[in-house]
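Let me begin by presenting the structure, written as structure tokens, before commenting on it.
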């Protein structure tokens, strides 16, 4: 099944080095749809408790789409955002993370990628205008799938409208 190949071709979790193909960014709608279909758990780094912030709105949207979202924000640790406990770091999240969605400035991406590699996340996604080619290359070399300068709350509805994503399941919300 093609959907099962996305993470495996980019993963080095079992000592398998990524193929040359995995070092290329995901740019096709089909590849991004596949990633969003396989993803169940998302760590949202830079989550804000303020409803007017883009990270808050995107987190709300992703929760409504059935994803299990774990907010990460050192300034809000131990509090809740949209009913979800906030963690200071990725390593504190008690479940395996499929996708790390980054709402931080580009200068912080390398550190977040380093932590994403340590927790064996499967993919990183940087939001609009968040670009760090060096961090993206490091993530790809470690076997992570990389999406950069995009927003899942924009892409997902478009991919659904195109018939490429059918989110008919609801993730467990702990």
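Looking at (1) over 17 Å from the mean Cα position of the chain (by Cα); (2) at pLDDT below 95; (3) surrounded by fewer than 17 Cβ atoms within 10 Å (Cβ to Cβ), find the lone condition where residue 66 falls short.
Result: residue 66 fails condition (1) only.
Only one of 114, 55 is surrounded by fewer than 18 Cβ atoms within 10 Å (Cβ to Cβ) and either touching a strand residue (DSSP E or B) at 6+ places or on another chain (Cβ under 6 Å) or in a helix (DSSP H, G or I) (or both). Can you tell me which?
Of 114, 55, the one residue that is surrounded by fewer than 18 Cβ atoms within 10 Å (Cβ to Cβ) and either touching a strand residue (DSSP E or B) at 6+ places or on another chain (Cβ under 6 Å) or in a helix (DSSP H, G or I) (or both) is 114.
Of everything in the range 120-136, what is more than 23 Å from residue 154 (Cα to Cα) and touching a residue at least 40 places away in the same chain (Cβ under 8 Å)? Give them in sequence order.
Result: 120, single match.
Taking into account only those residues within the range 151-174 that are closer than 24 Å to residue 93 by Cα and under 16 Å from the mean Cα position of the chain (by Cα), which is modelled with the lowest pLDDT?
Applying the filter and picking the extreme gives 171.
The values are calculated or read from the model by the stated rules, or taken from the named source; none is laboratory data. All figures in this text were calculated on a predicted structure; none of them were measured in a lab. Cβ coordinates were reconstructed from backbone atoms using ideal geometry, including for glycine residues, and neighbour counts include every protein chain displayed.
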